[in-house]
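Peer 1: Questions regarding the structure given below will be posed in turn.
Rule-based calculations on the coordinates, nothing more; no lab input. The structure presented is a predicted model; accordingly, all values stated were derived computationally and were not measured. Don't worry about glycine lacking a Cβ; one is built from the backbone with ideal geometry, like all the others, and counts go over all protein chains shown.
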Amino acid sequence: MQLYVSKRDNLTSFVSDIVQAVVPRRSVAHTIMQKKPARITAIDCHDAAIKAFDRECAPFGENPNAITMASFLANLCEIVRDPKPILEQIAVKCADGSKFTDVL
């Protein structure tokens with residue numbers, strides 16, 4: 001059980017690092033990581049970020065818990081609106097392929 005908790009923590013920290021790289025203001029990054037999105041209006045950004053995260057970092061089919069990171073990416077998109085900086089961070093941080101497996 002401890003292994004699963006550790007893997008979840010690592011995945012959340014990983015996404016937090018992406019958020020902080022895109023939005024360096026600590027208070028904004030903290031809010032992104034704490035709140036559930038009330039509404040998603042940056043649909044194109046959200047779609048691109050989620051698909052890239054799934055494809056390059058944590059495939060949802062192999063990591064059932066990874067889909068919970070979608071809310072953080074949605075919040076990030078609501079702030080920056082443009083997917084480019086998010087996609088750049090995903091590309092850098094997952095350059096060697098999927099970082100996560102079996103995050104339940």
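Peer 1: For ILE67 and ASP9 in the same chain, what is the full-extension length gain: residue separation times 0.36 nm, less their Cα-Cα distance, in nm?
Peer 2: 19.5 nm is the gain from fully extending ILE67 to ASP9.
Peer 1: Next question, about the same structure. Compute the FRET efficiency between ASP102 and GLN34 as 1/(1 + (r/R0)^6), taking r as their Cβ-Cβ distance and R0 = 25 Å, and round to the nearest 0.05.
Peer 2: That gives a FRET efficiency of 0.45.
Peer 1: When only DSSP loop residues count, what GluC sites (Glu not before Pro) in the stretch 43-92 have their Cβ near at most 15 other Cβ atoms within 10 Å?
Peer 2: Those that pass, being in a loop and sparsely packed, are GLU62.
Peer 1: Here's a follow-up. Got a sec? Charge dipole of the stretch 2-93, +1 on Cβ for Lys and Arg, -1 for Asp and Glu; which of GLN34, SER6, ALA49 is way out at the positive end?
Peer 2: Checked the options; the winner is GLN34.
Peer 1: Give me a comma-separated list of calculated 3J(HN,Hα) values for the stretch 77-85, in order, Karplus coefficients 6.51, -1.76, 1.60 applied at θ = phi - 60°, integers in Hz, x for any Gly or Pro.
Peer 2: The phi angles translate into 5, 5, 7, 8, 6, 9, x, 3, x Hz.
Peer 1: Using R₀ = 25 Å, calculate the FRET efficiency as 1/(1 + (r/R₀)^6) where r is the Cβ-Cβ separation of GLU88 and THR41; round to 0.05.
Peer 2: The pair GLU88/THR41 has a calculated efficiency of 0.70.
Peer 1: Right, here's the next one. Check each of the trypsin sites (Lys or Arg not before Pro) in the stretch 27-104 and keep only those in coil by DSSP with at most 16 other C-beta atoms within 10 angstrom; list them in order.
Peer 2: For trypsin sites (Lys or Arg not before Pro) across the stretch 27-104 that sit outside H, G, I, E and B with at most 16 neighbouring Cβ atoms in 10 Å, the list reads LYS35, ARG39, ARG81, LYS99.
Peer 1: Taking θ = phi - 60°, what integer Hz values does the Karplus form 6.51 cos²θ - 1.76 cosθ + 1.60 yield along the stretch 9-25, in sequence order, with x for Gly and Pro?
Peer 2: 4, 5, 5, 5, 5, 4, 5, 4, 4, 5, 4, 5, 6, 7, 10, x, 5
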